[in-house]
Amino acid sequence: MRHHPFPDDLVLAQEAWTRTYAELARPRTPGAAGVTALRRRLIRLSAAVYFHPYWARPRPAAGRADLLRQVRDAQRARGEAAA
């Protein structure tokens with residue numbers, strides 16, 4: 001049972017965005033492999049979250065800040081590092 005007004009696919013995309021951002025923010029050696037792939041994934045996930053049909057509703061039940069707060073709270077509850 002869901003306890004939020006957001007569609008599951010939107011929540012999953014925001015969770016993936018947060019994890020990808022955290023991975024990209026981790027210190028790494030200059031020229032480390034995978035940075036470009038992470039940046040591309042972050043861009044793709046940003047578009048998926050930003051242009052999700054939920055936001056096109058006349059009056060979404062909650063805003064983007066609420067989505068991010070919910071995702072961060074869920075990640076903290078699972079013991080993941082939230083970005």
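Out of the residues in the stretch 7-27 that are surrounded by 13 or more Cβ atoms within 10 Å (Cβ to Cβ) and without any contact (Cβ under 8 Å) to a residue 24 or more places away in the chain, state the one that is nearest to the chain's Cα centre (by Cα).
Ranking the candidates gives Leu12 first.
Consider the stretch 60-80. How many of its residues are outside any helix (DSSP H, G or I) and surrounded by 12 or more Cβ atoms within 10 Å (Cβ to Cβ)?
Total satisfying the criteria: 3.
Collect the residues in the stretch 1-52 that are part of a helix (DSSP H, G or I) and polar (S, T, N, Q), keeping them in residue-number order.
If the condition is that a residue be part of a helix (DSSP H, G or I) and polar (S, T, N, Q), then Gln14, Thr18, Thr20, Thr36, Ser46 are the ones that fit.
Computed from the coordinates by the stated procedures, all read-outs in this text should not be read as laboratory data. Since we're looking at a predicted model, the values are computed, not measured. We place every Cβ from the backbone using ideal geometry, glycine too, and count neighbours over all the protein chains shown.
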